[in-house]
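To start, the structure under review is shown below, and the notes come after it.
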Amino acid sequence: MSHANARLTFHGRCLLVERIRFDHRPVSHVAKEMGISRQCAHRWVSRFDAEGWEGLHDRSSRAHRYPTRTPARVEAAVVAARVQLRQGRDRLAERLGVPARTVSRILARHRLPPIAALDPVTGVVIRASKSTSRRYERPAPGDLVHVDVKKLGRIPTGGGWRIHGPSKGGHQSSRMGFDYVHAVVDDHSRLAYAEIADDEKGATAAGVLLRAAAFFASHGITIREVISDNAFAYRHSTDFKNAIATLGARQLFIKPHCPWQNGKVERFNRTLQAEWAYRQPFTSNTERAAALDPWLHHYNNDRNHHGIGGKPPISRIQS
C-alpha cells in the first residue's frame with residue numbers, strides 16, 4: 001500500500017525507472033507523462049541507483065532522532081498523573097511544571113481518552129466523546145445564567161457501596177432517597193452557585209434562583225436572562241415564573257432533546273460529580289453535603305477553567 005500522499009505506486013515507480021534507465025528516455029518526458037515533477041522522478045531514480053528495486057518501496061518518513069522530544073521520565077510522570085488524578089491538561093501542567101501544550105501532546109501520543117469519557121469513580125472509559133467547534137458566550141456577566149438540577153443518591157451513615165462494596169451497600173441508595181443539587185452558572189464568567197435540596201419542585205427551584213441572584217449581586221452581577229431545560233418546575237411553575245419576574249429577567253428554554261444548549265451548567269454538573277460528589281468515598285450524607293461549599297469556593301476562586309483561558313471564574317468578574 002502506497003503512502004497516502006504518494007503520486008505513484010510501487011509498480012508506477014518501477015515503470016518510471018524502466019523508462020528512464022533501461023529505455024534511456026529523458027527524465028522530463030517520462031515525468032510529464034506520469035504526472036509527476038522532474039524532482040520527484042530524479043529522486044526515485046537516485047534511490048534505485050543506490051538501493052536497487054527494493055529502494056522503490058514505501059518507507060517511513062519518521063525522523064531517526066528527536067533532539068527536542070520530552071524526556072521519557074517526564075512523559076511517564078504525565079501519564080501516571082493523568083491516570084491517578086484524572087485531571088485535564090491545564091491542571092496537570094500546573095502540578096507538574098510542564099507546558100500545557102506539551103501535556104496535550106503527551107496525552108495524545110499515548111492515546112489517553114478525554115476526561116469526559118471516563119467514569120469519575122473508577123477512571124474506566126464509559127462513554128464516547130462528542131465535541132463541537134460551534135461555541136457561544138455572552139459578552140458580559142449576568143447576560144445569561146444556566147440553571148439545572150442534578151440528582152444524587154443519598155449516602156447512608158457509615159458509607160455506602162463505594163466503601164463497603166456492592167454486596168453490602170449496593171442497594172441502600174434507593175431506600176435512602178435522593179439529594180437534588182440545584183445549580184446556577186453564569187454564561188460569561190462560569191461563576192457558579194449550587195445548593196442541595198430535598199426535591200426539584202418549582203417552589204424549591206425558585207428559592208434557589210433568588211438566593212443565587214443574591215450571590216451574583218454580591219459580585220456585582222445582575223441577572224438579565226435565565227435559560228433552562230423544559231422540566232416542569234421551570235416551564236410550568238408559577239413560583240419559578242414569579243422569581244424570574246422579581247429579578248426583572250427574561251426566561252429562555254432550550255430546544256427539546258438538545259441538552260448541549262444548556263451546556264455550561266451541564267458541564268458544571270459533570271465537574272461537580274467528578275470533583276466533589278464522587279471524588280472520594282464519604283461516610284455519610286452530611287459529610288458529603290458539608291464538602292460542597294468548600295469545593296464551590298475552590299471552583300469559583302482557584303480552579304482553572306479551560307473554557308475561559310485557564311483562569312478561575314472570579315478572574316472574569318474582578319476588574
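Among the residues of the stretch 227-283, those identified as without any contact (Cβ under 8 Å) to a residue 60 or more places away in the chain, in a loop (DSSP other than H, G, I, E, B) and out of contact with any Asp or Glu (no Cβ under 8 Å at 6 or more places or on another chain) are Asn230, His236, Ser237, Gly248, Lys255, Pro256, His257, Cys258, Gln280. Annotation note: of Val79, Val98, Val30, Val45, the sole residue that is modelled with pLDDT of 90 or more and touching a Ser or Thr at 6+ places or on another chain (Cβ under 9 Å) is Val98. Got at least one residue in the stretch 120-131 being at pLDDT below 90 and charged (D, E, K, R)? Yes, the stretch 120-131 has at least one match. The set of residues in the stretch 137-160 that are at pLDDT below 85 and in contact with a Gly (Cβ under 9 Å, 6 or more places away or on another chain) comprises Pro156, Gly158, Gly159, Gly160. Step by step: first the residues of the stretch 258-275, then only those that are modelled with pLDDT of 90 or more and of a type in the set (A, V, I, L, M), then the one that is nearest to Val149 (Cα to Cα). Which residue is that? Among those that are modelled with pLDDT of 90 or more and of a type in the set (A, V, I, L, M), it is Val265. Exactly one residue among His29, His64, His42, His57 is loosely packed, with under 10 Cβ neighbours inside 10 Å and either of a type outside the set (Lys, Arg) or under 44 Å from the mean Cα position of the chain (by Cα) (or both), and that residue is His64. All conditions but one from (1) assigned to a helix (DSSP H, G or I); (2) closer than 14 Å to Leu191 by Cα apply to Thr222; the one that does not is (1). Considering (1) in contact with a Leu (Cβ under 9 Å, 6 or more places away or on another chain); (2) more than 21 Å from Gly153 (Cβ to Cβ); (3) modelled with pLDDT under 95, the lone condition that Lys255 does not fulfil carries the number (1). Looking at this structure, is Thr286 among the polar types (S, T, N, Q) and more than 26 Å from the chain's Cα centre (by Cα)? Against the criterion (among the polar types (S, T, N, Q) and more than 26 Å from the chain's Cα centre (by Cα)), Thr286 qualifies. If I filter the stretch 307-319 for residues that are assigned to a loop (DSSP other than H, G, I, E, B), exposed (fewer than 15 other Cβ atoms within 10 Å of the Cβ) and of a type in the set (Ser, Thr, Tyr), do I get at least one hit? Within the stretch 307-319 (the criterion being assigned to a loop (DSSP other than H, G, I, E, B), exposed (fewer than 15 other Cβ atoms within 10 Å of the Cβ) and of a type in the set (Ser, Thr, Tyr)), the answer is yes, since at least one residue qualifies.
The values are calculated or read from the model by the stated rules, or taken from the named source; none is laboratory data. All figures in this text were calculated on a predicted structure; none of them were measured in a lab. A quick note on method: Cβ atoms are made from the backbone with ideal geometry, for glycine too, and the neighbour counts reach across all protein chains shown.
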